[in-house]
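Input: a single structure, listed below in structure tokens.
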Amino acid sequence: MIPSIENIEFEENKERLKVVLPVKTHWVYLLLYSVMLLAWVGMVVYGLIFTVQMAFSGERFAFVFTVMLVLLFYPLYRLGKMIWGQWQYYAANREILFVYKEMLIVRRPVSIFGITTAYDRAHVTPFYFSEKHNCPAFDYGHQHVYFGNDLPADPAARLIGYLNARYYPQYDEDDE
């Protein structure tokens with residue numbers, strides 16, 4: 001039976017359990033990453049225009065300089081990928097946990113975009129409350145995965161208890 005936990009929505013069908021967790025908007029970080037994203041787009045556009053101008057300038061060093069500029073696009077791409085991921089993280093208005101028989105998915109959707117990570121359930125440990133981060137967590141191999149960062153302690157504990165009772169019935173917190 002699905003519990004009634006404040007601010008947490010449950011949806012279940014025969015394939016999976018869907019848990020929707022609230023997320024508070026951190027406006028300072030969202031604004032900061034929005035500015036960085038706009039600056040990154042500006043750098044890419046200016047870089048492309050400058051690279052095309054350099055390639056067709058007719059100067060004798062144009063080929064080598066164009067190759068150098070094209071090579072600089074890779075670190076710029078990696079920087080943009082990091083900024084885009086952080087912007088999506090802070091722009092999301094909810095966090096969704098999908099629990100399938102073989103897979104656990106954590107998603108922070110932003111329209112059709114968003115951050116999605118999938119974990120093989122065979123390597124997922126029982127859920128626990130991280131005292132350091134004050135949120136529910138689980139371990140995937142040696143990686144600590146935190147979710148529901150904005151949940152109060154009581155609903156987080158009730159969610160952890162429900163998920164462990166359902167998916168890890170043999171787990172006992174006192175054994176650790």
Report task. Please enumerate the residues belonging to the stretch 34-61 that are aromatic (Phe, Trp, Tyr) and more than 20 Å from residue 82 (Cα to Cα). Result -> 50, 56, 61
Query raised in the report: Is there any pair linking a residue in the stretch 66-91 that is touching a residue at least 24 places away in the same chain (Cβ under 8 Å) and over 15 Å from residue 44 (Cβ atoms) to one that is among the aromatic types (Phe, Trp, Tyr) and not in a helix (DSSP H, G or I), with Cβ under 8 Å and at least six apart or on different chains, and which?
Result: 88/113
Query - Number of the condition not met by residue 60 [criteria: (1) in a loop (DSSP other than H, G, I, E, B); (2) within 20 Å of the chain's Cα centre (by Cα); (3) of a type in the set (Lys, Arg)] - result: (2)
Query raised in the report: Going by the conditions given, is residue 156 touching a His at 6+ places or on another chain (Cβ under 9 Å), under 23 Å from residue 2 (Cα atoms) and hydrophobic (A, V, I, L, M, F, W, C)?
Result: no
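In this structure, does residue 19 turn out to be within 26 Å of residue 150 (Cα to Cα), of a type outside the set (Gly, Ala, Ser), assigned by TED's automatic domain parsing to the domain that holds residue 155 and in contact with a Leu (Cβ under 6 Å, 6 or more places away or on another chain)? Can you show your working first?
Numbers: within 26 Å of residue 150 (Cα to Cα): yes; of a type outside the set (Gly, Ala, Ser): yes; assigned by TED's automatic domain parsing to the domain that holds residue 155: yes; in contact with a Leu (Cβ under 6 Å, 6 or more places away or on another chain): yes.
In short, yes.
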Query - Tally, over the stretch 50-71, of residues that are under 22 Å from residue 36 (Cβ atoms) and loosely packed, with under 12 Cβ neighbours inside 10 Å - result: 0
**Report entry** Subset of the stretch 1-49 (residues that are over 17 Å from residue 155 (Cβ atoms) and basic (Lys, Arg))
**Finding:** 14, 16
Report summary line: So, first residue within 17 Å of residue 79 (Cα to Cα) and basic (Lys, Arg) in the stretch 25-37, second residue modelled with pLDDT of 95 or more and surrounded by 15 or more Cβ atoms within 10 Å (Cβ to Cβ), Cβ within less than 6 Å, six or more apart or across chains; the pairs are none
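Here are 136, 126: which of them is outside any strand (DSSP E or B), touching a residue at least 12 places away in the same chain (Cβ under 8 Å) and assigned by TED's automatic domain parsing to the domain that holds residue 165?
126
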Query raised in the report: What are the residues in the stretch 106-148 that are of a type in the set (Val, Ile, Thr), modelled with pLDDT of 90 or more and loosely packed, with under 14 Cβ neighbours inside 10 Å, if any?
Result: 116, 117
Report summary line: Checked 151, 104 against criteria (under 22 Å from residue 6 (Cβ atoms) and either in a helix (DSSP H, G or I) or in contact with a strand residue (DSSP E or B) (Cβ under 7 Å, 6 or more places away or on another chain) (or both)); the one match is 151
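The values are calculated or read from the model by the stated rules, or taken from the named source; none is laboratory data. Owing to the predicted nature of the structure, the values given are computational and were not obtained by experimental measurement. No Cβ is skipped: glycine too gets one built from the backbone with ideal geometry, and neighbour counts run over all protein chains shown.
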